[in-house]
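The values are calculated or read from the model by the stated rules, or taken from the named source; none is laboratory data. Computed from a predicted model, the values in this text were never measured in an experiment. Because the Cβ atoms are built from the backbone with ideal geometry, glycine has one as well, and the counts that use them run over all protein chains shown. Ligands, DNA and RNA are stripped out before the accessible areas are found, and what is left, the full protein with its side chains, is counted by its heavy atoms. Shrake-Rupley method; radii C 1.70, N 1.55, O 1.52, S 1.80 Å.
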There are 2 protein chains.
Amino acid sequence: MGLKTTPRAVLIDLAGVLHTGDQALPGAVLALNCLRASGLRLRFLTNTTRTPSPQLFAKLQRMGFTLAAAEIQTAALAARTLVCRRGLRPLWLVHPDIAGEMGDSDPDPNVVVLGDMGTHYTYAILNQAFRLVMQGLPLMAMARNRYFMEADGLSLDMGAFVSGLEYSSGVQAEITGKPAPAFFAAALAELGVTAAEAVLIGDDLSDDIGGAQAVGIPGILVRTGKFRAGDDAQPDIQPAMVVDDFAAAVSALIG
Amino acid sequence: MGLKTTPRAVLIDLAGVLHTGDQALPGAVLALNCLRASGLRLRFLTNTTRTPSPQLFAKLQRMGFTLAAAEIQTAALAARTLVCRRGLRPLWLVHPDIAGEMGDSDPDPNVVVLGDMGTHYTYAILNQAFRLVMQGLPLMAMARNRYFMEADGLSLDMGAFVSGLEYSSGVQAEITGKPAPAFFAAALAELGVTAAEAVLIGDDLSDDIGGAQAVGIPGILVRTGKFRAGDDAQPDIQPAMVVDDFAAAVSALIG
């Protein structure tokens, strides 16, 4: 277990790595400052799609983190970019908070785009998505994370709703955030580094570590956020390194 | 394609075979009368868990079907029986209409039992189930059907929610209705016939035909209800017979 070379860039997951809810994790603010001072290029990758990017940025700033809005790459903006590039007519089934950032849904959609609606998921909305997919519309989903850490414990993430729709419709969703190879590739391209020159720090064994390592980016798993005992001993996904928290990951990288 | 011998008993799916919503399918009432007059033993097996058994029975009678309440075997009552036999303390996450039939949830549950809540599914309820399962409680589900036929088209069935919970929790649900072998076995036992002496008529390729044939009961697929073009040409599940509707199935059996 370990990194073969010193990386040139670091991809950092947000929720569960730097913070939980509105609380910075212990030592994370200082560690990010140290990492930034080391001169490594940074990119923050998040599958959280309940919060618009400007608010997410403001929240991280309020917690004390030093970062630029342009350094944050979200699964929601990746979906918007894909829809625009392909000239698609989207039906956005997203959290009301990010509806403005996504733009209007098309009255005659040719793609269904699902985000994490949290408590706003309803049977009617999911059935609407199901019926359109059964009529032949492709299904795009911002993420397929299983769960995430909230202040009061692990909570169901949008992966449950994506996989449910996939099961009933028999149609596979295209994921726009992690672990989609294109999402990692976009970050590497903007940072100007190869996969082998980067490293990812995340708390999600499957979508962070598994996703990154599938495209050749070594993954450092932290034991915070949604980490559960045994995540560091799965035979199918073996992180390049497992450390207690973000501060320990930074120490390992620049120490 | 065809049946090797004349059966002694017929297992009949309800929604999509005898009726859609509150409407009897054309010819179904007469066909059931003919089937009954032939002396074959009958059992009605349903995974519908939004309606209590007495109301389901009354609804079928209103549509003109001749049957006894005791001939109907529901996935919801199968769940109740399992919970009682095993002395479990259930949390019932079910449609409000069948809550009374299931009985009170235990304040300190040791099993989560999920039914089809239809429009009553909420994020909060699904997250409650998720958290209890992550704490180690087993998950029981009345069915895992993908979709069903409503008056205005195919609609999402509870399988989407079961498979979503399974995906996020990593825990497999125990199904109490079709296609659980025990559900078919219970019907055969009460009818006093072997699997080879029975036949099933259903519109769900996976949960009716696939489930029945997995325990040795030949399945007749009808092209009504949720049947979709291509269901009769799947390589993995090949019905013993495919006919246009229930009346045609009865003709084939007693003609």
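For B:Gly27, nonlocal amide neighbours, meaning residues 5 or more places apart or on other chains whose placed amide H falls under 5 Å from its own, do not occur. Rounded to the nearest 20, the Cβ-based charge dipole of chain B about its Cα centre (Lys and Arg +1, Asp and Glu -1) stands at 460 debye.
Among residues of chain A, the one whose Cβ lies closest to the rotation axis carrying chain A onto chain B, together with that distance rounded to whole Å, is A:Gly164, 2. Sorted from closest to farthest, the other copies place their A:Gln135 label points 4.3 nm away, with each point set 7 Å from Cα along Cα→Cβ. The relative contact order of region A:187-227, computed from alpha carbon pairs under 8 Å that lie at least 6 residues apart in sequence, is 39 percent.
Here the translational diffusion coefficient of chain B follows from Stokes-Einstein with Rh set to the Kirkwood radius across Cα pairs; for 10 °C and 1.306 mPa s it amounts to 86 µm²/s. Couplings for region A:238-247, taken from phi via the Karplus curve 6.51 cos²θ - 1.76 cosθ + 1.60 with θ = phi - 60°, read 10, x, 4, 7, 10, 9, 5, 7, 4, 4 Hz in order; Gly and Pro are left as x.
Region A:72-112 and region B:75-91 have Cα centres separated by 44 Å.
Seen from B:Ala143, the other residues with C-beta closer than 9 Å to its C-beta sum to a net charge of -1, counting Lys and Arg as +1 and Asp and Glu as -1.
Report for the protein assembly as shown the percent antiparallel among DSSP-assigned beta bridges with both residues inside it, nearest 5. Close to 20 percent.
With the biggest extent put first, the Cα atoms of region B:127-255 measure 55, 38, 27 Å across the principal axes.
Could you let me know the centre-to-centre spacing of region A:33-57 and region B:194-255, using Cα atoms, in angstrom? Their Cα centres are 55 Å away from one another.
When the solvent-accessible area of region B:1-145 is split by element, carbon and sulfur atoms take up 54 percent of it, the probe being 1.4 Å.
Per-residue SASA remark: A:Cys84, around 100 Å² accessible (1.4 Å probe; ligands, DNA and RNA not included). Largest to smallest in accessible area, the residues A:Asp203, A:Asp236 fall in the order A:Asp236, A:Asp203 (1.4 Å probe, all protein chains included). With a 1.4 Å probe rolled over the protein heavy atoms of all chains, the accessible area of A:Ile201, A:Ile175 falls in the order A:Ile175, A:Ile201, largest first. The mean sequence separation of alpha-carbon pairs under 8 Å and at least six residues apart, normalised by the residue count of chain A, gives a relative contact order of 23 percent. Inter-copy label distances for A:Ala214: 2.7 nm (label point placed 7 Å from Cα along Cα→Cβ; shortest first). For region A:76-175, calculate the relative contact order in percent as a whole number, restricting contacts to Cα pairs under 8 Å that are 6 or more residues apart. After rounding, I find 24 percent.
Taken residue by residue and averaged, Cβ atoms of other chains lying within 10 Å of the Cβ of B:227-239 number 0.
Based on the reciprocal of the average 1/r between different C-alpha atoms, the Kirkwood radius for the protein assembly as shown equals 24.9 Å. When all protein chains stay in place and ligands, DNA and RNA are ignored, the 1.4 Å accessible-area order of B:Thr46, A:Thr81, A:Thr119, largest first, is A:Thr119, A:Thr81, B:Thr46.
Backbone geometry of region B:23-32 corresponds, through the Karplus equation with coefficients 6.51, -1.76 and 1.60 at θ = phi - 60°, to 3J(HN,Hα) couplings of 10, 5, 6, x, x, 6, 5, 5, 4, 5 Hz, x marking Gly and Pro.
Give the percent of DSSP beta bridges with both residues in chain A that are antiparallel, rounded to the nearest 5. Counting only bridges with both partners in chain A, antiparallel ones make up about 20 percent. Taking the label point 7 Å along Cα→Cβ, A:Asp22 and its counterparts in the other copies are spaced 4.9 nm apart, in ascending order.
Each Lys and Arg Cβ is given +1 and each Asp and Glu Cβ -1; about its Cα centre, region A:76-175 then shows a dipole of about 380 debye. Of the residues making up region A:121-142, those losing 40 Å² or more of accessible area when the isolated chain is joined by the remaining protein chains, with a 1.4 Å probe, are A:Tyr123, A:Phe130, A:Arg131, A:Met134.
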